[in-house]
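The values are calculated or read from the model by the stated rules, or taken from the named source; none is laboratory data. Because the structure is a prediction, the values reported are computed rather than measured. FYI the Cβ positions are ideal-geometry reconstructions off the backbone, even for glycines, and counts take in every protein chain you see.
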Amino acid sequence: MTTDIRTPPQSAKGSPADDPQTGTPDTAEESLGEATSDASLERTVIRSAQIGQEIADDPGRFRVLTGDRPTGNLHLGHYFGTLANRVALQRRGVETFLVIADYQVIADRDGVGPIRERVLSLMADYLAIGLDPERTTIFTHSSIPELNQLMLPFLSLVTDAELRRNPTVKAEAEATGGRPMSGLLLTYPVHQAADILFCNANLVPVGKDQLPHLEQARVVARRFDERYGRVNPDRPVFRAPEALLSGAANLLGTDGHKMSKSRHNTVELGMDADTTAAVLKKAVTDSDRMITYDPVARPEVSNLVLLAALASDQDPVAVAAQIGDGGGGALKKVVTEAVNEHFAPIRARRIELAGDPAYLQQVLARGNATASEVAQRTLDDVRTAMQMRYT
Ligand code: TRP
C-alpha cells in the first residue's frame, strides 16, 4: 500500500483537527507556501501575541531553539532584529538552545571560510550581549552527530516538490547569482527541522522569511508520528514547534538598502566608536533639514532616526522632534552618540572575551556536551519508534 505523503492518514490517536501539543488547527494539508499567505501570517501574528502572554505566565513551558550561520560578523540589524530578543527571552526565564549552524555555511558556497574565527567571534558576540551559558546552551552543528543523523528519517518524510516550492529556499538560491542549487541548500529546511526537533524545542523566534521552514518542521514532526509511531503511546516523539514572530524593527543599511555585509552598509557589533562614527558619517540622508520619522517617504533619514531611537530606547517620532531642523549633520551626530553609548559596555566586554579564546572554547565545549546528551536521547527514541533496535 502506498501512502500519499502530502495527505497523510489521520493518526489513530488524538483529534485530527486539533494538534494536541499546541491547540492550533492541524495544517498538514496545507502546502508549505501557505505559511507565508496573508491569512496564515495573520494567524501567526495573533498566536505570537498569545505566546508572549503565556511566557509571562509560565516561562518553564517553553524551550526556544534559534541559531545563526557563522558567515560573518554580527551587526546592528542582527542585534535589534533578534539578538536583543534572545536576551529578553532569557531574562524572562525561557530556556534556550542556540545553534551555530556551521554545516549551513556550505549550503550556498564552496568553502567554509575562516570558520574557526567566525565561530569564536559569534561566541564573543553572544556572551557580550548578555547570553548566559548557564541558561542558554550554545552549540555547533558539526559537534552533534546525533542531531545530523535525524536528517535521514526526516528526509524520508518530505517530497522534493515540497522542498522545491519553499519560497525562502528559492529566494536564497536566486541570491547566489546563478550558482547551481546544492542538495544541502534544497534540504536545509529539513536540517533546521532537526535543529529544532532534536532538543524538543516548542518555540522558534523567527522573522517572516523563516516561516516556511518552521511549517516544514511542524510537518516533519507530525508525519514522523503518523508514519513511524511513538515510544510513549501518550505523546508523539516530536512535538510541533511554534513560531514566535518578533515585532522587531527592520533596520536598513546606512545606504537605505537591505543591511548586508557585501554592501558595506552595516555597523558591526564589534566595531569601535571611531569606526562607527566613520560609517555613520557616510550614511545617506536627504536635503530636507527638517528631520522627521516617515519611513515611506524618507526611508534613509527615518532609518537613522529609528536606529537612534532603538539605541536610546526612545520613540522614533520623539527622536526626530528633538533634532528638529538640525539637518543630516545633527541627525548623524545623535545616532552616532546613541549607538556608541548603548554599545560601549557590550563592546568592552566583547574585547575582553575575544582576548580569551580558551574561555570561549570552554563555553562552547560545555554547550556541545549538553546538546550531545539531549541529541543522543532523542535519537534513541527515534530508533525505538522506528523499531531499529537490534541488540
Ligand atoms: N538559517 C538560520 C539563519 O540563517 C539559522 C538557523 C539554523 C536556524 N538552524 C536554525 C534558525 C533553526 C531557526 C531555527 O539565520
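Selection of first residues in the range 321-338 that are more than 15 Å from ALA278 (Cα to Cα) and of second residues that are in a helix (DSSP H, G or I), restricted to Cβ pairs under 6 Å at least 6 apart or on distinct chains, gives the following pairs, ordered by first then second residue: ILE323/ALA330; ILE323/LEU331; ILE323/VAL334.
When PRO180 is tested against (1) within 12 Å of the ligand (Cβ to nearest atom); (2) part of a loop (DSSP other than H, G, I, E, B), only condition (1) is not met.
Surrounded by 18 or more Cβ atoms within 10 Å (Cβ to Cβ), of a type outside the set (A, V, I, L, M) and more than 13 Å from the ligand (Cβ to nearest atom): is that true of THR136 in this structure?
Details: surrounded by 18 or more Cβ atoms within 10 Å (Cβ to Cβ): yes; of a type outside the set (A, V, I, L, M): yes; more than 13 Å from the ligand (Cβ to nearest atom): yes.
So THR136 passes the test.
When ALA320, ALA371 are screened for being touching a strand residue (DSSP E or B) at 6+ places or on another chain (Cβ under 8 Å) and aliphatic (A, V, I, L, M), only ALA371 passes. Of the residues making up the range 354-372, those that are more than 12 Å from THR137 (Cα to Cα) and part of a helix (DSSP H, G or I) are ALA354, PRO357, ALA358, TYR359, LEU360, GLN361, GLN362.
Filtering the range 211-263 to residues that are more than 16 Å from the ligand (Cβ to nearest atom), part of a helix (DSSP H, G or I) and among the charged types (D, E, K, R) leaves ARG222, ARG223, ASP225, GLU226, ARG227, ARG263. Residue under question is VAL105, and the condition is that it be touching a Phe, Trp or Tyr at 6+ places or on another chain (Cβ under 7 Å), within 30 Å of THR276 (Cβ to Cβ), surrounded by 15 or more Cβ atoms within 10 Å (Cβ to Cβ) and not acidic (Asp, Glu); does it hold? It is false that VAL105 is touching a Phe, Trp or Tyr at 6+ places or on another chain (Cβ under 7 Å), within 30 Å of THR276 (Cβ to Cβ), surrounded by 15 or more Cβ atoms within 10 Å (Cβ to Cβ) and not acidic (Asp, Glu). Every condition in (1) at pLDDT 95 or above; (2) surrounded by fewer than 20 Cβ atoms within 10 Å (Cβ to Cβ) is met by LEU127 except one, and the failing one is (2). Entry remark, the range 73-100: residues being within 15 Å of the ligand (Cβ to nearest atom), surrounded by fewer than 20 Cβ atoms within 10 Å (Cβ to Cβ) and in a loop (DSSP other than H, G, I, E, B) number 1 in total. Restricting attention to the range 298-343, which residues are in contact with a Leu (Cβ under 7 Å, 6 or more places away or on another chain) and surrounded by fewer than 19 Cβ atoms within 10 Å (Cβ to Cβ)? Within the range 298-343, PRO299 is the sole residue that qualifies.
Name the single residue that is surrounded by the fewest Cβ atoms within 10 Å (Cβ to Cβ) among those in the range 53-72 being among the hydrophobic types (A, V, I, L, M, F, W, C) and more than 10 Å from the ligand (Cβ to nearest atom). For the range 53-72, the residue satisfying everything is ALA56.
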